[in-house]
1. What are the residues in the stretch 9-24 that are within 30 Å of Glu177 (Cβ to Cβ) and crowded, with 21+ Cβ neighbours inside 10 Å, if any?
2. For the stretch 45-79, which residues satisfy the criterion of being loosely packed, with under 14 Cβ neighbours inside 10 Å and part of a loop (DSSP other than H, G, I, E, B)?
3. Within the stretch 147-162, work out how many residues are in a helix (DSSP H, G or I) and under 18 Å from Gln76 (Cα atoms).
4. Go through the residues of the stretch 27-38 one by one and say whether even a single one is free of Cβ contacts under 8 Å to residues at least 40 places away in the same chain, of a type in the set (D, E, K, R) and surrounded by fewer than 15 Cβ atoms within 10 Å (Cβ to Cβ).
5. Given the conditions (1) assigned to a loop (DSSP other than H, G, I, E, B); (2) over 24 Å from Ser134 (Cβ atoms); (3) not hydrophobic (A, V, I, L, M, F, W, C), report the number of the one that Gly82 does not fulfil.
Amino acid sequence: MNPAPNLVLVGPMGAGKTSIGKRLAVRLGLAFVDCDHRLEEITGAPVPLIFEHEGEAGFRARESALIAELMRGEGQLVATGGGAVLAGPNRDHLRARGFVVHLQVSVAQQIERLGRDRSRPLLAFGDKRARLESLAVERGPIYRDIADLAFDADGLSVPVAAERLGALLEQRWQRTETA
């Protein structure tokens, strides 16, 4: 058991971090924060536009600053972007103040969920399947390494996934509060 003041969802795009996270936050009485949506609120620009004007490096710098800020808080369920775990300092912040859940999903499920989604800069060009497979190879070991709990969301509806994960968390996560 990893006592922590926050719950953090990591995993690939299309794993359900936002949709499952929203339901789970309600169930657990946590404030829900989606990192990508929060960055859009802060900057006033959608993620694809941030990528276009600042490149991936600029986006990642903004993402890292946001994660550092969020992890100083407590009582939150934080849904990270798929690449948030790439930076070592982000992983350190998430581990230090979060119980980290890796939402696992197959590439086939990602394709099904993201088929019509045009808001993902890393999937804007080329073969989506090949890109998702490449990202899985690159990021999968990092997700596994950082996670306190791995949860297979493949093929599960959002309500079922949230219910099952909530039950697991009641057994595995000890929520802490700091003074």
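1. Result: Leu9, Val10, Gly11, Ala15, Gly16, Lys17, Ile20, Gly21, Leu24.
2. Within the stretch 45-79, Arg72 is the sole residue that qualifies.
3. Just the residues of the stretch 147-162 that are in a helix (DSSP H, G or I), to begin with: 158-162.
Add one more test, that the residue is under 18 Å from Gln76 (Cα atoms), and what stays is 162.
Qualifying residue count, the stretch 147-162: 1.
4. no
5. (2)
Laboratory data are not the source of any read-out in this text; all were calculated from the coordinates shown. Just so we're clear, the structure is a prediction, and the values are computed from it rather than from any experiment. Note that each Cβ is placed from the backbone with ideal geometry, even for glycine, and that neighbours are counted across all protein chains shown.
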